[in-house]
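Trainee: Here's a structure for you.
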Amino acid sequence: MPKKPDVKDYIRTIVDFPHEGIMFRDVTTLFEDPRGFRMAIDQMLHPYAGEQIDKVVGLEARGFILGGAIAHQLSVGFVPIRKKGKLPGTTISEEYKLEYGEAIVEIHDDAIKPGEKVLVVDDLLATGGTAGAGIKLIQRLGGDIISCAFIVDLPELGGRKLLETQGMDVHVLCEFEGL
């Protein structure tokens, strides 16, 4: 009997991108396949069946694709966390380190109301820098983060452990070894 496809089967690896020695886990191949994309969204939603969620927050940029689809399925609002200077309204910002340097992310200062239940979504969890910065922004606005959901975890980079030490529930669909 043939093996049933897994989300991981739809993700390709691109060697030496964006820098030599990096094994880039490319989820665009997952997104372009309708069965794979549906599978990923369904599996990302599954742990939250019956949970109250008021907003889904997607981290730039692939988190927008996932977060929008998840928010649609849950019939809740979607909030983007974007790179500095990309949002048109009044924002708050958070600086952080990532695998290849430093960055700043922002959220509209009225996007999350105090006490709203928030699900944070992105494609990949590496060092946890982007997710950690997004979590800080949501918390500064008074949001209650119920969980963080990712397609891919790179355990060697320690992002999951970092988020869990900050008290976050973390759900991932698959892991890849190596950088």
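The values are calculated or read from the model by the stated rules, or taken from the named source; none is laboratory data. Everything quoted here is computed from the prediction, not taken from an experiment. A quick note on method: Cβ atoms are made from the backbone with ideal geometry, for glycine too, and the neighbour counts reach across all protein chains shown. The accessibility values were calculated without ligands, DNA or RNA, using every heavy atom of the protein model including side chains. Shrake-Rupley method; radii C 1.70, N 1.55, O 1.52, S 1.80 Å.
Trainee: For the range 134-167, give me each residue that is closer than 23 Å to Thr28 by Cα and in contact (Cβ under 8 Å) with a residue 24 or more places away in the chain.
Mentor: Scanning the range 134-167 gives Gly134, Cys148, Ala149, Phe150, Ile151, Val152, Asp153, Leu154, Leu157, Gly159, Arg160.
Trainee: Let me ask something else about it. Looking only at residues that are closer than 19 Å to Asp123 by Cα and in a loop (DSSP other than H, G, I, E, B) in the range 1-15, which one is farthest from the chain's Cα centre (by Cα)?
Mentor: Top of the filtered list is Pro5.
Trainee: Continuing with the same structure: So which residues in the range 129-157 are open to solvent by 10 Å² or more (accessible area, probe 1.4 Å) and of a type in the set (Ser, Thr, Tyr), if there are any at all?
Mentor: Thr130
Trainee: Still on this structure, please answer the following. Which ones in the range 104-157 are of a type in the set (Gly, Ala, Ser) and either touching a Gly at 6+ places or on another chain (Cβ under 8 Å) or under 25 Å from Gln43 (Cβ atoms) (or both)?
Mentor: Scanning the range 104-157 gives Gly115, Ala126, Gly128, Gly129, Ala131, Gly132, Gly134, Gly142, Gly143, Ser147, Ala149.
Trainee: Only residues in the range 46-73 that are charged (D, E, K, R) count as the first member; pair them with residues that are open to solvent by less than 10 Å² (accessible area, probe 1.4 Å) and assigned to a loop (DSSP other than H, G, I, E, B), Cβ under 7 angstrom, at least 6 apart or cross-chain, and list the lot.
Mentor: Within 7 Å, the pairs are Lys55/Ile112; Arg62/Val27.
Trainee: Right, another one. Evaluate the range 54-62: report whether one residue or more is within 16 Å of the chain's Cα centre (by Cα), surrounded by fewer than 17 Cβ atoms within 10 Å (Cβ to Cβ) and closer than 20 Å to Asp144 by Cα. Write out each step before concluding.
Mentor: The initial filter retains those residues of the range 54-62 that are within 16 Å of the chain's Cα centre (by Cα), namely 55-62.
Checking the rest, the ones that are also surrounded by fewer than 17 Cβ atoms within 10 Å (Cβ to Cβ) come to 61.
With closer than 20 Å to Asp144 by Cα added as a condition, the list becomes none.
Looking for residues that are within 16 Å of the chain's Cα centre (by Cα), surrounded by fewer than 17 Cβ atoms within 10 Å (Cβ to Cβ) and closer than 20 Å to Asp144 by Cα, one finds none in the range 54-62, hence no.
Trainee: Then there's this: I want to confirm something. Restricting to the range 74-92 and keeping residues that are in contact (Cβ under 8 Å) with a residue 24 or more places away in the chain and open to solvent by 50 Å² or more (accessible area, probe 1.4 Å), which single residue is nearest to Asp42 (Cα to Cα)?
Mentor: For the range 74-92, the residue satisfying everything is Leu74.
Trainee: Which count do you get for residues in the range 38-53 that are open to solvent by 50 Å² or more (accessible area, probe 1.4 Å) and either assigned to a loop (DSSP other than H, G, I, E, B) or of a type outside the set (S, T, N, Q) (or both)?
Mentor: Number satisfying all stated conditions: 8.
Trainee: Of the residues Ala111, Ala131, Ala126, which single one is in contact (Cβ under 8 Å) with a residue 60 or more places away in the chain and of a type in the set (Gly, Ala, Ser)?
Mentor: That would be Ala131, the only listed residue that is in contact (Cβ under 8 Å) with a residue 60 or more places away in the chain and of a type in the set (Gly, Ala, Ser).
Trainee: Which condition number does Gly101 fail, the rest of (1) open to solvent by 90 Å² or more (accessible area, probe 1.4 Å); (2) more than 21 Å from Arg12 (Cα to Cα); (3) modelled with pLDDT under 95; (4) over 17 Å from the mean Cα position of the chain (by Cα) being met?
Mentor: Exception for Gly101: condition (1).
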